[in-house]
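The structure under discussion appears below in the form of structure tokens.
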Amino acid sequence: MNPLNPSGKRAIVTPVLGFDAFVVDEPWPWRDENAEAIGEHWARAAAEKPSLFDGEVLVARRFSIEDGIWRGAHIVVRYSGLNYWLSQGFIETGACNTFASAVVVTADGAVLLGRMGAHTANAGRLYFPCGTPDLDDVTGGRLDFEASMLRELEEETGLGADVLVPSEQRWISQDGPLVCCARRIDTRLTADEVRARFEAHRASGGDDELADIVLVRDAASLNNVLEYARSLVEIVTGGRAA
């Protein structure tokens, strides 16, 4: 299975009105059945990349779209389980890897993607700035995807509320068990100004999750990009109907 395109098909992109994510206490049988393999894989992964941290993260056990709202029930798992799942190409496990992404569009029409750093689990891969949701994103049992995407965007690129204009365009981009909850975020900055902001952020000691950013105006020339992200770039740049 190709980890860039787990389903082997085009991502299914669905416009939605909002996201309602919440935490439930449920088992994940696949994780329990593969506990030994997960432990062995994590030992190797952590030895190779010591910056990896086996903290608690969230994955969705089920989801639906009701009245235009995406609703997902999430469970708390260790990152080692998610990391092993990634190594297997996100095979079907009775869960979905869900996360929130800001689809940033510059004042002159470029779309922002990030290339992951060499020390990360997804080294070299290209997708929107985002992060695996964890308990810091949860309040009162609700997982705040809107806040998560803006926080991750600022931490990774230096783009904050002072230059962002969130739109009302939201989508679910699903590629098999990969489910991206995305919102278009316009910025007052041009592509060149976004790059300058990113480089200043990195120079000041900001988050080094991204090795670089890529500002694109179409999806045709993209390489090593995850399918769910490529499909959204097509829509935003006019290459595919939403």
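The values are calculated or read from the model by the stated rules, or taken from the named source; none is laboratory data. Quick caveat: nothing in here was measured; it's all calculated off a predicted structure. No Cβ is skipped: glycine too gets one built from the backbone with ideal geometry, and neighbour counts run over all protein chains shown. For the accessible areas, the whole protein counts, side chains as well, though only heavy atoms, and no ligand, DNA or RNA atoms are used. Shrake-Rupley method; radii C 1.70, N 1.55, O 1.52, S 1.80 Å.
Take each peptide in 24-35, 64-75, 82-93, count the other Cβ atoms within 10 Å of every residue, and average; sorted highest first, the result is 82-93, 64-75, 24-35. Note on the stretch 208-233 and the stretch 17-40: Cα centroid distance 28 Å, given to the nearest whole angstrom.
Assuming charge only on the beta carbon of Lys and Arg (+1) and of Asp and Glu (-1), the dipole of the stretch 173-242 about its Cα centre is about 280 debye to the nearest 20.
Using C-alpha pairs below 8 Å separated by at least 6 residues, the relative contact order for the stretch 169-223 is 20 percent.
Simple spin-label estimate for GLU168 and ASN224 gives 4.0 nm between the two label positions (7 Å along the Cα-to-Cβ direction from each Cα). Computed from point charges on the beta carbon alone (+1 for Lys and Arg, -1 for Asp and Glu), the dipole magnitude for the chain about its Cα centre is near 700 Debye. For the stretch 176-184, the Karplus equation 6.51 cos²θ - 1.76 cosθ + 1.60, evaluated at θ = phi - 60°, returns couplings of x, x, 8, 10, 9, 9, 10, 9, 6 Hz by residue, with Gly and Pro reported as x. Converting phi to 3J(HN,Hα) with the Karplus coefficients 6.51, -1.76 and 1.60 and the offset θ = phi - 60°, the stretch 72-89 yields x, 9, 10, 10, 8, 9, 7, 4, 4, x, 5, 5, 5, 4, 4, 5, 8, x Hz in sequence order, with x at every glycine or proline. For SER101, the residues whose modelled amide H falls within less than 5 Å of its own, excluding neighbours fewer than 5 places apart on the same chain, are CYS181, ALA182, ARG183. Probing with 1.4 Å while keeping every protein chain in the model, the per residue accessible area of the stretch 42-89 equals 47 Å². Here's how it looks for ASP108: its modeled amide H is under 5 Å from those of ALA191, which are all 5 or more places away or on a different chain. So if we plug the beta-carbon distance of ILE65 and ALA35 into 1/(1 + (r/R0)^6) with R0 = 30 Å, what FRET efficiency do we get, rounded to 0.05? Given R0 = 30 Å and the Cβ-Cβ separation, E is 0.35. Answer rounded, prolate or oblate for the stretch 1-115, using the Cα gyration tensor with square roots of eigenvalues a ≥ b ≥ c: rounded when a/c is under 1.5, else prolate when a/b is larger than b/c, else oblate. Cα axes put the stretch 1-115 in the oblate bin. Using only DSSP helix segments of four residues or longer, with each worth -39500 (n - 2.57), what per-residue ellipticity at 222 nm results for the chain after dividing by its residue count and rounding to 500? Calculated from helices alone, the mean residue ellipticity at 222 nm is -8000 deg cm²/dmol.
In the stretch 137-242, carbon and sulfur make up what percent of the accessible area (probe 1.4 Å)? Roughly 46 percent of what the probe reaches on the stretch 137-242 is carbon or sulfur. Full extension of the chain between LYS49 and ASP25 yields a length gain of 5.6 nm, computed as 0.36 nm times the residue separation minus the alpha carbon distance.
The 3J(HN,Hα) values that the Karplus relation (6.51, -1.76, 1.60; θ = phi - 60°) gives for the stretch 147-153 are, in residue order, 5, 4, 5, 6, 5, 4, 4 Hz. Gly and Pro appear as x.
Antiparallel beta bridges, as assigned by DSSP with both residues in the chain, represent about 70 percent of the total such bridges. Placing unit charges on the Cβ atoms of the charged side chains and taking the dipole of the stretch 62-184 about its Cα centre, the candidate lying farthest along the positive direction among VAL104, THR139, PRO129 is PRO129.
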